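First up is the structure itself, then whatever we jot down about it.
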Amino acid sequence: MVDIQAGQNSNVFLLAGITVLVCAIAHFIYKLLGRKNEEAVEHESEKDTGAPEKQETKSTTAERPSNRKSKKLASWSGKHEFSHPWLLKNLKGHPGTVLHVDFSANGKFMAATCDETIATVDAASAAARRRKPRDRRRPPTSPPSPSTPQRISTEELVEALRPHLLSPERMWALGYPLEIEPNSSKAVVYINPPPRSRTTTLRYTAWDVNAPEFVPGGSQGDSGRGSLGSSPRSDSDEEADAVEHLCVRCDKMFRMTREGEYLSEESCLYHWGRCSGDYRHTCCNAPLGARGCSSARFHVWSGTRPGMNGPLEGYVRARSPRGGVYAIDAEMCYTTAGFELASIAVIAADGRLVYRSLVKPSSPVVDHNTRFSGIRPRDLARATKTLRDVQNDILGFVGTDTILIGHALDNDLRALKLLHGAVVDTCALYPHARGFPLRRSLRVLCEELLGRSVQRGSAGHSPLEDARAAMDLVLLKVHEERAKRTRITTQLSMLQPYDPLISAA
């Protein structure tokens, strides 16, 4: 009995050992098959991506990301289905699913790993989503936005501009043409000496009222056509009739005949830019007195000289009142007679274009002055109106009481040969900080006060643009004065003494 029981116990132990051995063999086979499957999956992923993936260790140190920012996390090769809501979302900038979330070594930051699908990553979109570095520099100050003053009625504008009308004394000092005697077509102009120093000595003859009238071609008794007993004119006679002019570009003296012919052909070297505050030319940044950076075939002059000029003929003026406010701007070209009108534009107080025309000069053109006037030879070739035609057109809507607005309007009225007494000049309305005779340019005034850029194009100035800019500057001044009067009235009402009777009422 004892032997039978011992045999049964040994059989039980043997069966248990065999069972354990079979389980161990089965477990080994299962592990071996699982490893082969993993190697096959990795091999297929290497074929799809073209680059082998790194083996990730199962240690806790490998699962936690390092503190180095430049180290790239290895791709997660575990399961892809999670129940936690954090693990079902995507990280910003990654197309794959979140695989693991953990804290950093110091416990302050949260780190996560994401399954990246390289085949679906768009490089352009990833670069666009990449955070750009913050620019800590202070942004540059933007120029003021262009502003257009509010339009007002013509009657209100006339009343507001009456205090700003130039007096005859002021017009005389600024170089406006004034008539010698009433109801005459002759005018006189006084030109102040230029503020800058001249490089040459100016030799101007004084204006003599009692001088005999000049008859072209000879003496007082000669008609200019010659006679049977007259001898041909010599070179010395032509030099005696020559007139010296000052070139307005290079400040050199040159000689011309009274008929407008050059006695010698001498090229003109000049600087077309103005002189800045540091005594340098704005065109080439050369110091004052340096050799000119531009050249022209002939010298040119303005048609007037410093001091008294006159009597000048061909001037017209309005004879009857018509009312209204208009802004005028004219562009000139250089001729043998000096500055002559080439283009003109007139606008009304509401900005409406009233008149615009090209003008054919009466004398031969020496320089079209395209850089500043915008006039080209083809423009004057199609011009049909003469100065007399333009004068008749202007006097059709300009009366004795019409207010004319412009910037340096004296130049425009001299070129237009128009005598007018009711004028508002933006040069006098916005004087230069260093006083007369210096003047602020229209371009600077528009940039500082209106936030507008004018006279910047390479095609030259536009008379329409300049006329509108002058009108807007005047309207801006009117609105500023109105606002100032309103503030003063409000302050005076607040400073009134206390009256108990008035307060009780």
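For residues that are loosely packed, with under 13 Cβ neighbours inside 10 Å and either in contact (Cβ under 8 Å) with a residue 12 or more places away in the chain or not assigned by TED's automatic domain parsing to the domain that holds residue 402 (or both), tally how many sit in region 160-194.
3
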Practice item. Output the strands (runs of 3 or more DSSP E) that fall wholly within region 279-386 and possess 3 or more residues being within 30 Å of the chain's Cα centre (by Cα) and on the phi < 0 side of the Ramachandran plot, or say none. Key: 294-296, 325-335, 338-348, 353-358
Review point. So is residue 425 of a type in the set (Asp, Glu) and either surrounded by fewer than 18 Cβ atoms within 10 Å (Cβ to Cβ) or more than 15 Å from residue 191 (Cβ to Cβ) (or both) or not?
Key: yes
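Scanning region 264-278 for residues that are within 12 Å of residue 248 (Cα to Cα) and in a loop (DSSP other than H, G, I, E, B), which turns out modelled with the highest pLDDT?
So the residue we want is 271.
Does residue 295 fit the bill of being farther than 30 Å from residue 158 by Cβ, in contact with a Leu (Cβ under 8 Å, 6 or more places away or on another chain), surrounded by fewer than 17 Cβ atoms within 10 Å (Cβ to Cβ) and not assigned by TED's automatic domain parsing to the domain that holds residue 386? Before you say what the answer is, go through the steps one by one.
Numbers: farther than 30 Å from residue 158 by Cβ: yes; in contact with a Leu (Cβ under 8 Å, 6 or more places away or on another chain): yes; surrounded by fewer than 17 Cβ atoms within 10 Å (Cβ to Cβ): yes; not assigned by TED's automatic domain parsing to the domain that holds residue 386: yes.
Judged against the criteria, residue 295 is a match.
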Check your understanding: Does region 448-471 include one or more residues that are among the β-branched types (Val, Ile, Thr) and farther than 19 Å from residue 341 by Cα?
Key -> yes
Practice item. Just one of (1) buried (at least 18 other Cβ atoms within 10 Å of the Cβ); (2) touching a Pro at 6+ places or on another chain (Cβ under 6 Å) trips up residue 412, so point out which. Key: (2)
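The values are calculated or read from the model by the stated rules, or taken from the named source; none is laboratory data. Source: prediction; values computed, not measured. All Cβ positions, glycine included, derive from the backbone under ideal geometry; neighbour counts span all protein chains shown.
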